[in-house]
1. Where nothing but the Cβ of Lys and Arg (+1) and of Asp and Glu (-1) is charged, how large is the charge dipole of the chain around its Cα centre, in debye to the nearest 20?
2. Per residue, how large is the accessible surface of the range 180-258? Use a 1.4 angstrom probe and give square angstrom.
3. Mind checking Rg over Rh on the range 205-256, alpha carbons, Kirkwood formula for Rh?
4. Over the residues of the range 89-180, compute the C-alpha Rg and express it relative to 2.2 N^0.38 Å.
5. Determine the principal axes of the Cα atoms in the range 138-212, then give the extent along each, sorted from largest to smallest and rounded to whole angstroms.
6. Sorted from largest down, what three extents in whole angstroms do the Cα atoms of the chain have along their principal axes?
7. Using alpha carbon centroids, what distance separates the range 70-93 and the range 196-265, in Å?
8. Can you find, among 62, 109, 185, the residue farthest towards the positive end of the dipole of the chain? Put +1 on the C-beta of Lys and Arg, -1 on that of Asp and Glu.
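The values are calculated or read from the model by the stated rules, or taken from the named source; none is laboratory data. Every value quoted in this text rests on a predicted model; they were computed, and no experiment measured them. Glycine also receives a Cβ, built like all others from the backbone with ideal geometry; neighbour counts cover every protein chain displayed. All accessible areas refer to the heavy atoms of the entire protein, side chains included, with ligands and DNA or RNA removed. Shrake-Rupley method; radii C 1.70, N 1.55, O 1.52, S 1.80 Å.
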Amino acid sequence: MSLAYAVYIAEPIPLNTTALVPNGDRRMFSPLSITLVQGEHDAVLVDPPMTVEQTKAVGDWVAASGKNLTHVVATHGHGDHWFGAALLAERFDATVVATAGTIGQMHRNVAIRDTFWDALLPGQIPDAPVTAVVPDGNRIRLEGHELTLVEVGHSDTDDTSVLHVPDLDLVVAGDVVYNGVHQYLAEAQGDGREAWRRAIDAVEALRPRFIVTGHKNKDLDDDATRAIAETRRYLDATDELLSRHDNALDFFHAMLERFPDRLNPGALWGGATALYA
Ligand SMILES: [Zn+2]
């Protein structure tokens, strides 16, 4: 029996701030991609969303698939990709899994929850205990097919991983690869961008045909070659324009001019202010 996958996009939600992005946009979270890897009867969910409301909607989507959810996978520690994990695991009696590095980062994100996540989304994030366990050899099985969590180190945060599904030529890449959305550069200081490039190389070495990125424009396909090339191009432009501009605002406008079609310039602005801080 062969596998299939489906993607649910959680639409952007506003951040709790009146400050606008310099282009006049309201500050928003980027769209979130939630992936369901499906067998005949069972399924594995990758990167559950963040708020109670989003998590309920994703749970209803999983229920509508008619599949038995066995695992909830988190690729990295950013709360927007896992705060709903415990709720979904409880609803479907599934096991939450992640690499040891990601579990460490989950604890770090819980520790900054009051000052960071809840400040951005007051009252919207559920109780989010870290219930994830490290699966044997970073592998799980879906009806006899092997799915592997591949550790790729720093990408848009520390200790990230991707889920490789060889039987679908698929990588569910979390935030290692982006697809039509401004990349989160707030943790890309110092050698952060070089490390991110190595993480992309590691994904490419898996030779996927399809990549589901943690943040994608839903109008775009999952072509792996294109998404990898575009993610690298964004990092290269970041290097070039950082060296050319001495302030966040000029850098922001130059990046926006280079990437006019990417969603959520607010994410770029957040990264720009962090890089010039
Ligand atoms: Zn993310």
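1. The calculation lands at about 200 debye.
2. 47
3. Here Rg/Rh amounts to 1.10.
4. Rg over 2.2 N^0.38 Å, computed on Cα atoms: 1.21.
5. Largest first, the range 138-212 extends 42, 25, 17 Å along its Cα principal axes.
6. Principal axes ranked by extent give 54, 41, 32 Å for the Cα atoms.
7. Distance between centres, Cα-based: 26 Å.
8. The one lying farthest along the dipole's positive direction is 185.
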